[in-house]
Amino acid sequence: QVQLVESGGGLVQPGGSLRLSCAASGSIFNIYSMGWYRQAPGKQRELAASIGSGGITNYVASVKGRFTISRDNAKNTVYLQMNSLKPEDTAVYYCYADVRTEPIKDVFRSWGQGTQVTVSS
C-alpha cells in the first residue's frame, strides 16, 4: 500500500507563484518516475511535468521556463515550483509516483488525491 499526499494548492493572482509538494509513504522499495498531471475544467488530463529517478525532467511546452520540478529521494517527495502563473494554469493538479514495493514485484503507478490551483485576479 502506497499513499501520496499533496499540499500547496490555492488561489493566486496572475504572475504569482505557488509550490506544490507530494510525499509518498507506505511500502516502498524504489520509486522511479514522479510527476504532475493537471486537468482543467472541460479538458483532458495532461502531463505537466515529470522527473526520473536520476533527475531527468520533462515539461509540457506551455509550462517550460515557468515551472520547475524537483524531487528529494530521501523523503520520497516531489515538488512543483510554479512561477509566472497564468489563468490557463488553473486546474486540479495530481501527482503520481511509479513505485516498486518489493524487489520482485511489478512497478505500479500510485496517485495523489489532487489539489486545486486557481489563477485569477
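The values are calculated or read from the model by the stated rules, or taken from the named source; none is laboratory data. Predicted model, so just to flag it, every value in this text is computed and none were measured. Glycine also receives a Cβ, built like all others from the backbone with ideal geometry; neighbour counts cover every protein chain displayed. In case anyone asks, the SASA skips ligands and DNA or RNA and just uses the protein heavy atoms, side chains included. Shrake-Rupley method; radii C 1.70, N 1.55, O 1.52, S 1.80 Å.
For segment 47-61, give me the residue count where each residue is surrounded by 14 or more Cβ atoms within 10 Å (Cβ to Cβ) and in contact with a helix residue (DSSP H, G or I) (Cβ under 9 Å, 6 or more places away or on another chain). Adding up the residues that qualify gives 2. Out of E102, E88, one residue alone is under 14 Å from A48 (Cα atoms), open to solvent by 10 Å² or more (accessible area, probe 1.4 Å) and not in a strand (DSSP E or B). It is E88. The one condition from (1) exposed (fewer than 12 other Cβ atoms within 10 Å of the Cβ); (2) closer than 20 Å to T115 by Cα that G65 does not meet is (2). Do we have any residue at all in segment 70-77 that's free of Cβ contacts under 8 Å to residues at least 24 places away in the same chain, in a loop (DSSP other than H, G, I, E, B), open to solvent by less than 60 Å² (accessible area, probe 1.4 Å) and not hydrophobic (A, V, I, L, M, F, W, C)? No - not one qualifying residue is present in segment 70-77.
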